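Nothing in this text is a laboratory measurement; each read-out follows from the coordinates by a stated rule. Just so we're clear, the structure is a prediction, and the values are computed from it rather than from any experiment. Because the Cβ atoms are built from the backbone with ideal geometry, glycine has one as well, and the counts that use them run over all protein chains shown.
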Amino acid sequence: YPVDVEELEEVVMKSGDGPALKIGGPMMGMIRKIFSDNPGLSAAEECKSMAAVGDEAVTVPAGTFETRHYRNVESGAEVWASEELPFGIVKSFDGEKYAVELTAHGEGAETAITETPQEMPGMGPSR
């Protein structure tokens, strides 16, 4: 965290009752190219321009968390991240109109993907 898309080799995903699908090989290359051609899509690129504002207690629907507040002075984007959470993000604002707040969290989560993932149709085998 943050994820460097260039280092991703495979992604496994599952939607509803559908089969688990694995994306790798050529499709993963296409995804990396999309993110490298459009830095605005990459949270990692945004994070590189962030500066620490300071430590703050932040209250969101999921509770109150001790966070480190970051701000991108160019875009106005802000993030409040906590080491108490697996993915860190408690609250964020894109600097224009979209805000995200953590509404719930838990412990002991287990993957819902229990079957062996299938190759994404039409993509050929992953490396």
Legend entry - Label-point separation in nm, I34 to E9, each point 7 Å along Cα→Cβ: 2.2
Legend entry - Candidate lysines for bridging to K91, where Cα separation is under 19 Å - those fewer than 8 sequence places away on the same chain excluded: K48
Inset, instruction - Please give the length that would be gained between V53 and E83 if that part of the chain were fully extended, namely 0.36 nm times their separation in residues minus their C-alpha to C-alpha distance (nm, one decimal). - result: 9.2 nm
